[in-house]
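The values are calculated or read from the model by the stated rules, or taken from the named source; none is laboratory data. Just so you know, these numbers come straight off a predicted model, no measurement behind them. In this analysis, Cβ positions are derived from the backbone assuming ideal geometry, glycine residues included, and neighbour counts consider all displayed protein chains.
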Amino acid sequence: MSSFWSFYIIAITTIFLVGIVALIHFTRRMPDPGGEGAQTTGHQFDGIEEYNNPLPKWWLNLFWATIIFAVGYLIAMPVGNWKGLLGWSSVGQLTEDQVEHERRYGEIYQRLASIPVEELKDNPQAMRVGARLFEDNCALCHGQAATGSYGFPNLTDDDWLYGGSGDTIKTTLMAGRSGQMPAWGDALGAAGVRAVTEYVMQLSGQDDVNTSLASQGQALFNASCVACHSQDGTGNQALGAPNLTDNIWLYHIPGETLRASVQHTLEQGRSGRMPAWSGVLGEERVHILAGYVYSLSQEQAQDPQ
Ligand code: HEC
Ligand code: HEC
């Protein structure tokens, strides 16, 4: 704080306190006008007169006590650039709280981190901690319920870009992921893109497919796409290349037909990026989160709906 503002705050606080002391002192010394209730101030409201009595002693003493407390507080605590005799500071308080937090929760994190990721789902405490970490760090992109949205994968189903085992999920969280789908507009041309789009429609079991166009597309698919999406179109988790046969879409623009969205993907390419969390949260927390994410897909797997 600049010395001007420091002085300003200290001066205003002091003037205010001195003013209050003067005010009390003044009112206390007002002469008692000749006996209990003998005189009124002359004010009258609806026939009720205001008496000019001295302030009650207990009330006055309470007032003095608060003023003495205020002076003591100003000396003990920081005001402006004055650090206060107690040396308290909000930064110091924060550091203390953080150390206390680490002491209390560090132990819990450490204990939970020694349980294998896939077994954490049976530990209610891990699920509570995981849910809170998810809400704070992941819900922004994957949604409160982890069901994802356009460009952000649903984490509650058993369809995975990179794999759904405990260890794979943990690897995804620690290091982040970046899926690279190249753009094909130039290489295939407009007609080629239309044909491959039709084949992708057929692969995923849509019912309004132009089959002759799709079979032209299949040849292009075998030449250009199988390296990543595999011969049968079921994808490759090592590359994050999605399964194209399951009718689950990462890039289906809301309000657009699926055909138009797929065509858009092929023309422009896609590059989804999942941030890395090892540096942000540390391995122990990531471990617990991985357990939580794993549990979400297990719930779904047990539920026939
Ligand atoms: C900035 C947005 C963003 C945030 C925040 C984010 N993610 Fe992601 N996440 C993504 C995107 C985008 C992908 C898909 C990456 C791709 O397309 O290759 C992804 C992918 C994933 C995957 C892989 C899914 C699969 O099918 O293999 C998991 C698991 C995951 N995220 C979990 C999390 C968790 C847990 C957190 C919180 C620590 C989190 N994400 C925070 C954007 C985000
Ligand atoms: C170099 C590997 C690679 C090649 C080659 C490739 N893809 Fe992809 N494709 C990916 C990856 C990785 C993604 C996921 C992108 C992301 O996560 O953002 C993807 C995404 C897609 C999607 C979006 C799926 C969804 O769920 O929305 C479609 C459709 C697709 N590819 C079709 C094709 C077709 C058709 C070809 C051939 C013309 C092709 N890809 C060639 C790697 C590839």
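Details
- Qualifying positions in the range 169-207 - over 16 Å from R270 (Cα atoms) and among the hydroxyl-bearing types (S, T, Y): T171, T172, Y199, S204
- Any hit, the range 251-261, residues being closer than 18 Å to R177 by Cα and either touching a strand residue (DSSP E or B) at 6+ places or on another chain (Cβ under 8 Å) or within 16 Å of ligand 2 (Cβ to nearest atom) (or both): yes
- Being surrounded by fewer than 20 Cβ atoms within 10 Å (Cβ to Cβ) and within 8 Å of ligand 1 (Cβ to nearest atom) holds for only one residue in D167, D186, D159, and it is D159.
- Filter pass, A227 being surrounded by fewer than 14 Cβ atoms within 10 Å (Cβ to Cβ), within 9 Å of ligand 2 (Cβ to nearest atom) and not assigned by TED's automatic domain parsing to the domain that holds C141: yes
- Single residue of the range 173-183 satisfying the filter (within 10 Å of ligand 2 (Cβ to nearest atom) and among the small types (G, A, S)) that is surrounded by the most Cβ atoms within 10 Å (Cβ to Cβ): G179
- Test: G205 is part of a loop (DSSP other than H, G, I, E, B), touching a Ser or Thr at 6+ places or on another chain (Cβ under 6 Å), touching a residue at least 12 places away in the same chain (Cβ under 8 Å) and small (G, A, S): no
- Within the range 262-272, the set of residues being near ligand 2 (Cβ under 6 Å from one of its atoms) and either among the aromatic types (F, W, Y) or surrounded by 14 or more Cβ atoms within 10 Å (Cβ to Cβ) (or both) comprises V262, T265, L266, R270, G272.
- Unmet requirement for G179, which otherwise passes all of (1) within 8 Å of ligand 1 (Cβ to nearest atom); (2) over 23 Å from R259 (Cβ atoms): (2)
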